Amino acid sequence: MNMTTATPPVVCFGETLWDLLPHAKLPGGAPMNVAYHLTKLGKNPAIISRIGTDVLGQELMQVFQSKQIDTRYLKFDRQYPTGKVYATIREDNEVSYDIVKPVAWDYIEWEDRFADLVAEAGYFVFGSLVTRNKVSRNSLFQCLECANEKVLDINMRPPHFNKKIIAELLQKATILKLNLAELHLVTGWFSDYNSDEDRMNLLKEKFNLQTIIVTKGGEGAILNTGGQFYHHDGYKVVVQDTVGSGDSFLAALLTKFLDGSPPAETLSFASAVGALIASHSGGCPDYNPEEILTLINTDSPALIH
């Protein structure tokens, strides 16, 4: 791919960082994870972010280059350090995060060149975490003015969000992806519905969303698009950790959206990718995309190690 001329079909905006786990230091941040998996799946996205000039920043740039992720819109910050997150994996394989601040990705400054980049892309991916600082938040809202399909991967990390900004992001989005806990939290602000489908319909109508996707961990996922619900029970794998699993799910979903695939096939493929990444350690493991098809075509988790 000639990175100087190709138009990225997806632009990811936000945090790039190191996940510091008890046993490893791994590259991460939802936008980076999504960009990595889109690249693995052949879609060559761009990412808008900021890293420090420190050793961690230099190492992160090397990771981007080695994984062939477009770095044209990744800037070095001379004042603030590269993002770090201290991640703790609980007994249920879920992960809790201590997200250091302030860091370089809190200060993503608007550049005029972002306007054409975002306007030419089919999908613009963003989350709520990057809005914790007004510099990055203002740049995000400028990007949203230019974007086509606006994909909100809500990614709520206490205490780095507030209800007012979440509502503003929902107003801007056309596609919303969230997990079951986030669905219950956000809809709890507006209603006391019990059914997950009712909760999804509430958000769709209240914020005029085209598509909503809810991931349910090992229990699968629900997709609501075109006025219809699609369910998938998920693929059974031996879980290493869930770091980046939802991000890989979103990347796979966008890959199939770009391909024009039917909704049921799209959901199945995304569920398989999410499960595959959960069977590896970290958000950006190396894998062969053929492993995805192997998982879809078999019930045996032993085949994906």
| note | Ranked from fewest to most other Cβ atoms within 10 Å of their own Cβ, Asp247, Asp112, Asp77 fall in the order Asp112, Asp77, Asp247
| task | Give the whole-number value, in cubic angstrom per residue, of the convex hull volume spanned by the C-alpha atoms of the range 10-304. | result | 122 Å³
| In which sequence would Lys84, Lys25, Lys75, Lys163 go, from the one with the fewest C-beta neighbours within 10 Å to the one with the most? | Lys163, Lys25, Lys75, Lys84
| Hey, what number do you get for the chain at 222 nm if only DSSP H runs of n ≥ 4 count, each worth -39500 (n - 2.57), divided across all residues, to the nearest 500? | -11000 deg cm²/dmol
| request: Pick out the long, greasy-scoring helices in the chain: whole DSSP H runs spanning 20 Å or more along their own axis by Cα, mean Kyte-Doolittle at least 0.5. | output: 245-259, 263-278
| By how many nm would the segment from Trp189 to Trp110 lengthen if fully extended, with 0.36 nm per residue of separation less the alpha-carbon distance? | 25.3 nm
| request: Under 9 Å from the Cβ of Asn133, count the other residues' Cβ atoms, weight Lys and Arg +1, Asp and Glu -1, and hand me the total. | output: +3
| said: Cross-link candidates for Lys163: which lysines have Cα within less than 21 Å, leaving aside residues fewer than 8 places away along the same chain? | reply: Lys101, Lys134, Lys150, Lys172, Lys177, Lys204, Lys206
| query | Shape of the range 34-150 from its Cα gyration tensor (a ≥ b ≥ c, root eigenvalues): rounded if a/c is under 1.5, otherwise prolate when a/b > b/c, or oblate? | reply | rounded
| said: Among DSSP bridges having both ends in the range 10-304, what percentage is antiparallel? Round to the nearest 5. | reply: 40 percent
| Can you give the net charge of the other residues whose Cβ lies under 14 Å from the Cβ of Lys204, counting K and R as +1 and D and E as -1? | -1
| said: Just to confirm a number: summing +1 for Lys and Arg and -1 for Asp and Glu over residues other than Ala35 whose beta-carbon lies under 11 angstrom from that of Ala35, what do you get? | reply: +1
| request: Arrange the following residues from fewest to most other Cβ atoms within 10 Å of their Cβ: Arg113, Arg199. | output: Arg113, Arg199
| request: Could you calculate the FRET efficiency of Ile296 with Leu180 from 1/(1 + (r/R0)^6), where r is the beta carbon distance between them and R0 is 25 Å, rounded to 0.05? | output: 0.65
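Here, each number is a calculation from the coordinates, and none is a lab measurement. This one's a predicted model, so the numbers in the text were calculated from it and none came from an experiment. FYI the Cβ positions are ideal-geometry reconstructions off the backbone, even for glycines, and counts take in every protein chain you see.
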